[in-house]
Amino acid sequence: MTETRVRIVGAAAEISAAHWNACAGEDNPFTRHEFFAALEESGSATARTGWQPVHLVIDGDDGAPAAIMPGYLKSHSQGEYVFDHGWADALERSGGQYYPKLQCAVPFTPATGNRLLLRDPALGPGLLAGAEALARANNLSSVHATFLPPQQQAMFEDRGWLMRIGEQFHWQNQGYGCFDDFLGALSSSKRKAIRKERIRAVESGIDIVHVTGAALTEAHWDAFWTFYQDTGARKWGRPYLTRSFFSRITETMGDRVLLMLALRGGVPIAGALNFIGGDCLYGRYWGASEDVPCLHFELCYYQAIEWAIRHGRARVEAGAQGAHKLARGYRPVPVVSAHYIPDAGFRHAIADYLVRESRAVAADIEALDMATPFRRG
């Protein structure tokens, strides 16, 4: 039996878009070569920002990549949305070193998708073995694969990775023909509340436009960049993405980008950036230069729901956290990550913690689902 050879690639650009995308497939915009290349080439995900690209690749018999595990050597835990700062603290207080670690993820993107990009599905375990060997050879504390889809979780479990459960809020399309059909599934009081919010968002002369593909211009991004910086500064102190990232995605994947803008007198005052997937609309960033009641809910949630219904998408993923989404028809769902911990003692401590955390998360999801605005019975 021939040994599977895993090589390391230091930038997405070292692999052709055609070869990368043959492994990634069409459905998820965030696993495409264009997205990774934009992150890295714009200076957003680089060694300088604590995201050193370390992509693991197995080539097929034809010499082209047949399996890719996008990875980053991390010197911190920012921009991941699966929080392990407590793990880092615990290890370092006991005399260990948590960083660097290997993160198998899409930087700054808490969206579920394949973390093993497989033209040849049989090569998945080989990629995991390669990541484990890399960690051991370089004394890395851990390897983390975040926001795993159901169809790939078993591969990680079979190799003994620790599984972690978190939660997000997703809107799910139950075959609605229009937004009113969705409202009809809600209780009367919640239906009325959403209608009032939608009226409030636009009653002061605000127009909402959707811009995608070739219609996206640098002027749109200049406006959105202002919104994005303001939101980023208020939430985490420094926006992760550079201005050139937005220009690059327009050039290479503009048909996957959906920018929703609120205009007053033709001038943008708020925006929500979405990415279009095969069966999902992914909400990513929001910001505003003017405080308008309920405009956040309108642009980020209700406009996304309307678009998804009109274009036949099965769900809307509106990003990390946010229990306020519950009242807007977004339901709690589990999200899964996997963690390889080489040190036996540290692994035992993390495993014990995850048992208790998983029970708490499952109970929280169950309780929140009972609080959704949908009619019962």
Exercise. Once the Cα atoms of helix 344-369 and of the chain are each reduced to a long axis, what angle between those two axes, in degrees from 0 to 90 to the nearest 10, is obtained?
Worked result: 20
For this session: Would you calculate a helix-derived [θ] at 222 nm for the chain, using -39,500 (n - 2.57) for each DSSP H run of n ≥ 4 and dividing by the full residue count, to the nearest 500?
Result: -11000 deg cm²/dmol
For this session: Just round it to a whole percent: the fraction of Cα-Cα distances in the stretch 79-147 exceeding 15 Å.
Result: 60
Problem set entry | Normalised convex hull volume, the stretch 220-377, alpha-carbon set, Å³ per residue | 178
Exercise. So what is the diffusion coefficient of the stretch 1-123 in µm² per second by Stokes-Einstein at 10 °C and 1.306 mPa s, using a Kirkwood Rh over Cα pairs?
Worked result: 104
Exercise. Can you give me the relative contact order of the chain as a percent, contacts being Cα pairs under 8 Å and 6 or more apart?
Worked result: 20
For this session: State, in angstrom, two size descriptors of the stretch 141-251 derived from its alpha carbons: Rg to one decimal place and Dmax to the nearest whole number.
Result: 20.6, 57
Problem set entry | Dimensionless Rg/Rh of the chain - Kirkwood Rh, Rg from C-alpha atoms | 0.97
Problem set entry | Between the stretch 184-246 and the stretch 272-321, the Cα center-to-center distance that results, in Å | 8
Seminar exercise, completed: Extend 7 Å from the Cα of A323 along its Cα-to-C-beta direction; within the stretch 74-90, residues with backbone N under 11 Å of that point are none
Problem set entry | Additional length obtainable on full extension of the chain from H210 to Y353, 0.36 nm per residue less Cα span | 47.0 nm
Seminar exercise, completed: Square roots of five times the C-alpha gyration tensor eigenvalues of the stretch 1-68, ordered largest first and given in whole Å, equal 22, 15, 9
Problem set entry | Local electrostatic count at L354 - Lys and Arg +1, Asp and Glu -1, tallied over other residues with Cβ under 12 Å | +1
Seminar exercise, completed: Per residue convex hull volume, Cα only, the stretch 259-338, in Å³ is 111
Exercise. Taking Rh as the Kirkwood radius computed over C-alpha pairs, what is the Stokes-Einstein D of the stretch 222-310 at 4 °C in a medium of viscosity 1.567 mPa s, expressed in µm² per second?
Worked result: 95
For this session: Can you tell me the 0 to 90 degree angle between the C-alpha axis of helix 243-253 and the longest principal axis of the chain, rounded to 10?
Result: 90
Seminar exercise, completed: Mean separation of Cα contacts under 8 Å (at least 6 apart) over the residue count of the stretch 257-377, i.e. the relative contact order in percent, is 19
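Every number in this text was worked out from the coordinates using simple rules, so none of it is lab data. This one's a predicted model, so the numbers in the text were calculated from it and none came from an experiment. Please note: Cβ atoms are built from the backbone with ideal geometry, for glycine as well, and neighbour counts cover all protein chains shown.
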